[in-house]
Amino acid sequence: MSSIRRRAKKSAVDKQLSNWTKRRVISWTLFALAGIVAVQHLLAHAGFRPIPISMGGQDILLGYPMAIGIAVVGGIAMDPNPRI
């Protein structure tokens, strides 16, 4: 591939990802983690328990309050002035 094509391709990728700041990536990663925690907790109550902790421990440590806490931290980490 010629260097001109390579630069054009890199430029297209940069244009697509230019709005994704580090804060935005961190924020959406935390939102995804909160969703995973909530789904895992729902599955634990449905009977599938991949984490070997009692249900009481999961309710306190890994339950919906933890998912909400992670989501709140993700909201706080979000860029206050997004470039859309």
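Pairs linking a residue in region 21-33 that is over 16 Å from TYR64 (Cβ atoms) to a residue that is open to solvent by 60 Å² or more (accessible area, probe 1.4 Å) and of a type in the set (Phe, Trp, Tyr), with Cβ atoms under 9 Å and 6 or more positions apart or on different chains, are TRP28/TRP20.
Kindly state which helices (runs of 4 or more DSSP H) lie completely within the chain and contain at least 3 residues that are small (Gly, Ala, Ser) and either modelled with pLDDT of 80 or more or surrounded by fewer than 12 Cβ atoms within 10 Å (Cβ to Cβ) (or both). Before the answer, list the steps.
Working: elements: 3-17, 22-46, 55-61, 64-77.
Helices (runs of 4 or more DSSP H) meeting the threshold: 3-17, 22-46, 64-77.
The values are calculated or read from the model by the stated rules, or taken from the named source; none is laboratory data. Treat the numbers as computed from the prediction; the structure is a model and nothing was measured. Don't worry about glycine lacking a Cβ; one is built from the backbone with ideal geometry, like all the others, and counts go over all protein chains shown. These area figures cover heavy atoms from the full protein model, side chains too; ligands, DNA and RNA do not enter into them. Shrake-Rupley method; radii C 1.70, N 1.55, O 1.52, S 1.80 Å.
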